[in-house]
Amino acid sequence: MTVDLIVAELKDVELLHHVCTTAYTQHFTNQWETAAALERYLDGSFSVDRLTKDIQEPGTAYYLIYADGEPAGFVKLNDQLKEAGQASLYPNAMELERIYMLAAAKGTGVGKLAMEKIEAIAREKQKSAIVLYVVNVNETAIRFYERNGFVKTGKTRLELDGFKEEVKPTTIMSKTLSGL
């Protein structure tokens, strides 16, 4: 299987919107109190306008994940950590803000290959670590990250309006990149 991460450009925004909203709703719909709350989140995070702004934002990049030439998911990387406390702990880290797979790609090895490419991007940018946040109830993702060399480094809460209370506790994970 061939897995590629292709930087999303403005010409890709409609496809990116489709992949983002589809991947997210396939896996996380049940974490929202209401359908309206989920729709507000999707509009705020993955609308064409929001994605266009993010693509144009220096230091932020979306990548479409392709498996054998077909869209399989997406990644959002930030050159700097957004959360001030974490940024002081990891001054030269990249934030893996999002990595979501389409349901058909789950369990196929696409995620592992995408993580290898994310690490290569971080190394190319001479980052010393990758930091991410994952809700505690997503035990499958936590195990996936641990298998890929990430360790739990802290706890926080994901405060999103309409997000169910039981899914707000969040684990901070990081992977130190050797040789940098």
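The values are calculated or read from the model by the stated rules, or taken from the named source; none is laboratory data. Source: prediction; values computed, not measured. A quick note on method: Cβ atoms are made from the backbone with ideal geometry, for glycine too, and the neighbour counts reach across all protein chains shown. Accessible surface is based on the protein model in full, side chains and every heavy atom, while ligands, DNA and RNA are left aside. Shrake-Rupley method; radii C 1.70, N 1.55, O 1.52, S 1.80 Å.
From the list Asp79, Asp161, Asp68, which residue is in contact with a Ser or Thr (Cβ under 6 Å, 6 or more places away or on another chain) and of a type in the set (Asp, Glu)?
Matching residue, one of Asp79, Asp161, Asp68: Asp68.
Being among the β-branched types (Val, Ile, Thr) and closer than 29 Å to Glu139 by Cα is the requirement here; does Ile55 meet it?
No: the conditions fail for Ile55.
Being at pLDDT 95 or above and either among the small types (Gly, Ala, Ser) or more than 21 Å from Leu81 (Cβ to Cβ) (or both) is the filter here; which residues of the range 145-161 pass it?
Of everything in the range 145-161, those that are at pLDDT 95 or above and either among the small types (Gly, Ala, Ser) or more than 21 Å from Leu81 (Cβ to Cβ) (or both) turn out to be Arg147, Gly149.
Quick one: what pairs do we get from the range 55-83, first residue closer than 14 Å to Lys106 by Cα and surrounded by 12 or more Cβ atoms within 10 Å (Cβ to Cβ), second of a type in the set (Asp, Glu) and modelled with pLDDT of 95 or more, C-beta under 7 Å, 6+ apart or different chains?
That search, which allows pairs on different chains as well, returns Tyr66/Asp4.
Quick check on my filter: what residues within the range 101-123 are outside any helix (DSSP H, G or I) and either surrounded by fewer than 18 Cβ atoms within 10 Å (Cβ to Cβ) or in contact with a Phe, Trp or Tyr (Cβ under 6 Å, 6 or more places away or on another chain) (or both)?
Within the range 101-123, Lys106, Gly107, Thr108, Gly109 qualify.
Can you work out which of the residues in the range 141-153 that are part of a strand (DSSP E or B) and more than 29 Å from Ala37 (Cβ to Cβ) is most open to solvent (accessible area, probe 1.4 Å)?
Ranking the candidates gives Val151 first.
Here's the yes/no breakdown for (1) closer than 24 Å to Gly179 by Cα; (2) in a strand (DSSP E or B); (3) touching a strand residue (DSSP E or B) at 6+ places or on another chain (Cβ under 6 Å):
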| position | (1), (2), (3) |
| --- | --- |
| Asp54 | no, no, yes |
| Pro58 | no, no, no |
| Leu77 | yes, yes, yes |
| Ser88 | yes, no, no |
| Leu96 | yes, yes, yes |
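When you scan the range 154-179, how many residues do you find that are surrounded by fewer than 17 Cβ atoms within 10 Å (Cβ to Cβ) and in contact (Cβ under 8 Å) with a residue 60 or more places away in the chain? Don't jump to the end; show me each part of the working.
Initial filter on the range 154-179 (surrounded by fewer than 17 Cβ atoms within 10 Å (Cβ to Cβ)): 154-162, 164-166, 168-169, 176, 178-179.
If we keep only those that are in contact (Cβ under 8 Å) with a residue 60 or more places away in the chain as well, we get 154, 156, 160-162, 164.
Residues in the range 154-179 being surrounded by fewer than 17 Cβ atoms within 10 Å (Cβ to Cβ) and in contact (Cβ under 8 Å) with a residue 60 or more places away in the chain: 6 in total.
Among the residues of the range 82-102, is there at least one that is at pLDDT 95 or above and hydroxyl-bearing (Ser, Thr, Tyr)?
Yes, there is a match, as at least one residue in the range 82-102 is at pLDDT 95 or above and hydroxyl-bearing (Ser, Thr, Tyr).
Exactly one condition in (1) among the charged types (D, E, K, R); (2) free of Cβ contacts under 8 Å to residues at least 40 places away in the same chain; (3) in contact with a Leu (Cβ under 7 Å, 6 or more places away or on another chain) is false for Asp12; which is it?
Every condition holds for Asp12 apart from (2).
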